[in-house]
Amino acid sequence: MTPTKIFFTKGVGVHKDRIASFEAALKDAGIERCNLVCVSSIFPPNCKIISREEGIKLLKPGQITYVVLARNETAEPNRLISAAIGFAKTSDSNLYGYLSEHHAYGEVAKKSGEYAEDLAATMLATTLGLQFNLDTAWDDRKQEYIASGYITRTSHVCQSSEGNKDGLWTTVIAAAVFLE
C-alpha cells in the first residue's frame, strides 16, 4: 500500500486517567474512531495533501489507519508540553518527502513547530544525499530551503498545552494521517 493522500491534524485531551487523556486528544484531532498504526517518516512521491476536514470525512470507524504521530503528556500542573510534526518536500513531486516528530517540554508551539520543520528538511536532505547546511540553505524572503539545486518547502502542525492546573493528565498530539 502506498498512500495517495495525507492530512495533518492535532489535538489536546485532559482526564484523570493517562490513557483517557490520550483518547480525548485523539477525539479532538478527529481520529479516535480508527485503529492507528504508527509508521516512520517517509512522505510518498505524488501524495496529495488534503484538508483536515476532507480527510476526516474519508475515515471509517475501525479502519486501519497509518499515521506519523507525535505525542506528549504530563500530570504536572502548568507544565508546558508540545508535540509537532514537521514536513519537508522538494519541488520534484516524483521524489519522496520527509515527516519528523518532535516532542518537547517547555517549548511554545511556534518553537516546536519550527524545530520539527528544520528536522524534516535536514533528514530529507540526508536521505536524498543532498549537500545541506541548515544555517545557509534557508531563504528568509521566499520562506523555503534551497539545497543542491532543489527547492524544499516545509510546514508543520503543532499542539501545545499547559498541564492541567489540578494535576489531571494532559496529552497533546500532532499527526500526519495517510489515506489510500
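General remarks:
- With Cα atoms, 0 to 90° folded angle of helix 109-128 axis to the chain main axis: 40 degrees
- Ordering Ile31, Ser41, Ala121 by Cα displacement along the dipole of the range 5-179 toward the positive end leaves Ile31 in first place; charges were set at the Cβ atoms of Lys, Arg (+1) and Asp, Glu (-1).
- Mean residue ellipticity at 222 nm, helices only, the chain: -7000 deg cm²/dmol; runs of at least 4 DSSP H residues each add -39,500 (n - 2.57), and the sum is divided by the number of residues.
- Our compactness index for the range 5-179, the C-alpha radius of gyration over the empirical 2.2 N^0.38 Å, is 1.06.
- Electrostatic tally near Ile85: other residues with Cβ closer than 11 Å to its Cβ, Lys and Arg +1, Asp and Glu -1, net 0.
- Set of lysines with alpha-carbon distance to Lys48 below 26 Å, sequence-local pairs under 8 removed: Lys5, Lys10, Lys27, Lys57, Lys60, Lys89, Lys110, Lys142
- Relative to the longest principal axis of the Cα atoms of the chain, helix 18-29 runs at roughly 50 degrees.
- Each of Val14, Val67, Val177, Val37 was scored by other Cβ atoms within 10 Å of its Cβ. Listed from fewest to most, they are Val37, Val14, Val67, Val177.
- Taking Cα centre as origin and charging only the Cβ of basic (Lys, Arg, +1) and acidic (Asp, Glu, -1) residues, the dipole magnitude of the chain rounds to 440 debye.
- Cα-centred dipole magnitude for the range 1-72, charges only on beta-carbon of K, R (+1) and D, E (-1), debye, nearest 20: 40 debye
- Inter-centroid distance (Cα atoms) of the range 56-96 relative to the range 1-37, Å: 9 Å
A short reminder: the numbers here are calculations on the coordinates, not readings from a lab. The model shown is predicted, which means the values in this text are computed figures rather than measured ones. All Cβ positions, glycine included, derive from the backbone under ideal geometry; neighbour counts span all protein chains shown.
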